[in-house]
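The values are calculated or read from the model by the stated rules, or taken from the named source; none is laboratory data. The structure presented is a predicted model; accordingly, all values stated were derived computationally and were not measured. FYI the Cβ positions are ideal-geometry reconstructions off the backbone, even for glycines, and counts take in every protein chain you see.
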Amino acid sequence: MERIREFLGTWVRRGFSPVLAALRRLGVTPNQISIVGFLVNVGAAVLVVLDHYIWAASVFIAAGLLDLLDGALARRTGKTTPFGSFLDSTLDRLSEGAIFAAIAYRLAIDQRTVDVALVVLALLGSVTVSYTRARAESLGVQCKVGLASRFERIVLICVGLYEDVLSYVIYVMVALTMFTVIQRVVHTYRQLVIKGQQGGIVER
């Protein structure tokens with residue numbers, strides 16, 4: 001799964017080479033793209049609230065493409081910075097929160113209280129997936145394993161909006177995010193504890 005994500009990301013970035021070149025000439029910064037991407041995500045959430053699911057999905061896809069562009073532009077211009085990475089991750093979490101809140105609102109209007117509760121669990125799972133990776137990598141462990149990275153979550157939400165099957169998508173997302181959290185915990189345990197012990201490091 002990780003290789004598929006990397007392949008698709010590389011393919012999309014190559015396709016956007018002319019766009020990246022134009023943005024570079026215009027002096028657009030990666031942080032500016034991150035902020036615009038966040039605002040576009042908020043626009044998608046507003047469209048969900050207004051019950052325009054098809055339009056919301058299209059706008060959400062555009063926001064996802066902007067999410068790819070900011071990192072690609074940062075690498076091309078040599079402007080990869082710790083703050084840029086921090087800002088991008090923070091805005092990603094806020095973007096997910098906005099879209100999940102909009103979905104919960106629509107389900108609440110339809111009086112589907114159980115589904116609303118599952119949306120909260122899906123959001124918790126999504127945030128925890130991102131947190132486990134960030135925490136593991138702060139300890140020196142590469143942690144990209146799992147079935148429900150941000151890319152898969154974006155795809156699932158788009159499918160749910162386009163096909164108007166949000167409830168089913170939320171069920172799948174709850175299961176996949178929780179499973180991914182377990183995958184990342186196990187992966188980090190193996191890297192820090194098992195391999196650490198084999199290298200002579202004793203767990204305390």
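Based on what the data block shows, is Lys195 of a type in the set (D, E, K, R) and more than 24 Å from Ser95 (Cα to Cα)? Outline the logic, then answer.
Details: of a type in the set (D, E, K, R): yes; more than 24 Å from Ser95 (Cα to Cα): yes.
So Lys195 fits the description; yes.
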_Search result, residues across segment 135-145 that are surrounded by 13 or more Cβ atoms within 10 Å (Cβ to Cβ) and either free of Cβ contacts under 8 Å to residues at least 60 places away in the same chain or in a helix (DSSP H, G or I) (or both)_ = Arg135, Ala136, Glu137, Val141, Cys143
*Does Cys143 qualify as being at pLDDT below 95 and in contact with a Lys or Arg (Cβ under 6 Å, 6 or more places away or on another chain)?*
yes
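Yes/no matrix, rows are residues, columns are (1) modelled with pLDDT of 85 or more; (2) under 23 Å from Arg106 (Cβ atoms); (3) among the aromatic types (Phe, Trp, Tyr):
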{"position": "Arg5", "(1), (2), (3)": "no, no, no"}
{"position": "Leu8", "(1), (2), (3)": "no, no, no"}
{"position": "Leu23", "(1), (2), (3)": "no, no, no"}
{"position": "Val40", "(1), (2), (3)": "yes, yes, no"}
{"position": "Val48", "(1), (2), (3)": "yes, yes, no"}
{"position": "Tyr53", "(1), (2), (3)": "yes, yes, yes"}
{"position": "Ala57", "(1), (2), (3)": "yes, yes, no"}
{"position": "Leu65", "(1), (2), (3)": "yes, no, no"}
*What are the residue pairs meeting all of these: first residue in segment 159-187, first residue farther than 25 Å from Val48 by Cα and of a type in the set (Val, Ile, Thr), second residue at pLDDT below 90 and in a helix (DSSP H, G or I), Cβ atoms under 9 Å, and 6 or more apart or on different chains?*
Thr180/Glu152
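So, in segment 110-123, of the ones that are touching a residue at least 40 places away in the same chain (Cβ under 8 Å) and either in a helix (DSSP H, G or I) or touching an Asp or Glu at 6+ places or on another chain (Cβ under 6 Å) (or both), which residue ends up farthest from Tyr53 (Cα to Cα)? Spell out the reasoning first.
Start the filter on segment 110-123 by keeping residues that are touching a residue at least 40 places away in the same chain (Cβ under 8 Å), which leaves 112, 115, 118-119, 121-122.
So of that shortlist, the ones also either in a helix (DSSP H, G or I) or touching an Asp or Glu at 6+ places or on another chain (Cβ under 6 Å) (or both) come out as 115, 118-119, 121-122.
Numbers: Asp115: 17, Leu118: 19, Val119: 17, Leu121: 22, Ala122: 19 Å.
The qualifying residue farthest from Tyr53 (Cα to Cα) is Leu121.
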*On the given criteria, is Ser149 surrounded by fewer than 18 Cβ atoms within 10 Å (Cβ to Cβ) and at pLDDT below 95?*
no
*asked:* Would you confirm, using the coordinates I've provided, whether Ala148 is part of a helix (DSSP H, G or I) and not β-branched (Val, Ile, Thr)?
replied: no
*Output yes when any residue across segment 160-173 is in a helix (DSSP H, G or I) and within 30 Å of Lys195 (Cβ to Cβ), and no when none is.*
no
*Hey, Glu163 out of contact with any Leu (no Cβ under 6 Å at 6 or more places or on another chain), within 20 Å of Ala44 (Cα to Cα), acidic (Asp, Glu) and at pLDDT below 95 or not*: yes
*In this structure, is Thr128 hydroxyl-bearing (Ser, Thr, Tyr), under 12 Å from the mean Cα position of the chain (by Cα), surrounded by fewer than 14 Cβ atoms within 10 Å (Cβ to Cβ) and part of a helix (DSSP H, G or I)?*
no
*Of all residues in segment 131-156 being more than 17 Å from Asp88 (Cα to Cα) and of a type in the set (Val, Ile, Thr), the one that is nearest to the chain's Cα centre (by Cα)*: Val155
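Condition (residue is assigned to a loop (DSSP other than H, G, I, E, B) and touching a residue at least 60 places away in the same chain (Cβ under 8 Å)) applied to segment 76-98: is it met by at least one residue? Give the steps one after another, and end with the answer.
Step one: filter segment 76-98 for residues assigned to a loop (DSSP other than H, G, I, E, B), giving 78-81.
Then drop every residue that is not touching a residue at least 60 places away in the same chain (Cβ under 8 Å), which leaves none.
Looking through segment 76-98, none of the residues is assigned to a loop (DSSP other than H, G, I, E, B) and touching a residue at least 60 places away in the same chain (Cβ under 8 Å).
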